[in-house]
Amino acid sequence: MSAAPDRFQQPETFAFTKENQERAKSIIAKYPPGRQASAVLPLLDLAQRQHDGWLPRAALEHVANLLEMTQISVYEVATFYTMFNLEPVGRFHVEVCTNLPCWLRGSDEVVGACRKNLGIDVGETTEDGLFTLAEAECQGACVNAPMVKIGDDFYEDLTPEATEKILAELRAGGKPKPGSQIGRKSSEPSGGLTTLTTKPDAKPAGKVKESGGPS
């Protein structure tokens, strides 16, 4: 893995853009006076989105000053929640769930496909700065395991082949369709419905009395 691009260096300063300043004010206004620290999670998320998917030290300091919190308190929050990245990540942060349900359904093979396609190992970033590969704990899509989270999108019911196809499409500038990769609707059984397979009648059977009971 080569040296990181310039955009991955720690900046000396950080400030919200004008647009994000307005968003930050709107978020803080949701909380009672003296409780502005409650806005720390959404503001950290806002800062991370503004700064290429990771939080430099200057961003943590900016959020702390904005919310009148100590810097260590903000740092404690940022290090507790795994959705915050305190080190640079690629444009596409590929987080493969390797928790038990996904592991039982083949997440090791999905990780292997990522290694093969990207040419990097877990915890590394490609030389062009496009992809970072990571393992993640449960991300809440167990029923459609194995799955990968890339940015805000979930890709589910994966095979090694489907995983490589998604990565190749992202590399080419495309936008793969998120969700199940086998056409599953939501969390329905992969083989189709086994119950509730017919729609109810449009009109109830029999007449209805004025009291509301059946005739």
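Figure legend. Inter-residue proximity from the stretch 133-147: first residues touching a residue at least 40 places away in the same chain (Cβ under 8 Å) and farther than 18 Å from G179 by Cα, second residues of a type in the set (S, T, N, Q) and surrounded by 21 or more Cβ atoms within 10 Å (Cβ to Cβ), beta-carbon distance below 9 Å, spacing 6+ or different chains. Indicated pairs: E135/S107. Taking (1) of a type in the set (A, V, I, L, M, F, W, C); (2) more than 17 Å from the chain's Cα centre (by Cα); (3) surrounded by 14 or more Cβ atoms within 10 Å (Cβ to Cβ) in turn, L100 satisfies each apart from (3).
Of everything listed in (1) in contact with a helix residue (DSSP H, G or I) (Cβ under 7 Å, 6 or more places away or on another chain); (2) modelled with pLDDT under 95; (3) not β-branched (V, I, T), the single unmet condition for C138 is (1).
Determine whether P88 is without any contact (Cβ under 8 Å) to a residue 60 or more places away in the chain and crowded, with 16+ Cβ neighbours inside 10 Å. Break it down into steps so the answer makes sense when it comes.
Details: without any contact (Cβ under 8 Å) to a residue 60 or more places away in the chain: no; crowded, with 16+ Cβ neighbours inside 10 Å: yes.
Taking the combined requirement at face value, the residue does not satisfy it.
Residue under question is Y81, and the condition is that it be at pLDDT 95 or above, aromatic (F, W, Y) and either surrounded by fewer than 16 Cβ atoms within 10 Å (Cβ to Cβ) or within 30 Å of L46 (Cβ to Cβ) (or both); does it hold? Considered against the rule, which asks whether it is at pLDDT 95 or above, aromatic (F, W, Y) and either surrounded by fewer than 16 Cβ atoms within 10 Å (Cβ to Cβ) or within 30 Å of L46 (Cβ to Cβ) (or both), Y81 comes out as no. Within the stretch 157-183, work out how many residues are outside any helix (DSSP H, G or I) and under 20 Å from the mean Cα position of the chain (by Cα). Number of matching residues: 12.
Please determine whether any residue of the stretch 39-56 is surrounded by fewer than 16 Cβ atoms within 10 Å (Cβ to Cβ) and either more than 21 Å from the chain's Cα centre (by Cα) or small (G, A, S) (or both). So far as the stretch 39-56 goes, no, none of its residues is surrounded by fewer than 16 Cβ atoms within 10 Å (Cβ to Cβ) and either more than 21 Å from the chain's Cα centre (by Cα) or small (G, A, S) (or both).
Do we find that E124 is loosely packed, with under 14 Cβ neighbours inside 10 Å, charged (D, E, K, R) and in contact (Cβ under 8 Å) with a residue 40 or more places away in the chain in this structure? No, not satisfied. For the condition over 16 Å from the mean Cα position of the chain (by Cα) and over 23 Å from S190 (Cα atoms), T125 qualifies.
Six or more apart or on different chains, Cβ under 9 Å: which pairs go from a residue in the stretch 46-61 that's closer than 12 Å to L86 by Cβ and among the β-branched types (V, I, T) to one that's surrounded by fewer than 16 Cβ atoms within 10 Å (Cβ to Cβ) and modelled with pLDDT under 95? Could you list them? From residues that are closer than 12 Å to L86 by Cβ and among the β-branched types (V, I, T), there are no pairs.
Taking the stretch 1-18 as the range and being modelled with pLDDT of 85 or more and either of a type in the set (S, T, N, Q) or outside the structural domain of L55 (by TED's automatic domain parsing) (or both) as the test, the residues that pass are Q10, T13, T17.
The values are calculated or read from the model by the stated rules, or taken from the named source; none is laboratory data. Just so we're clear, the structure is a prediction, and the values are computed from it rather than from any experiment. Cβ sites come from the backbone with ideal geometry, for glycine too, and all protein chains shown count toward neighbours.
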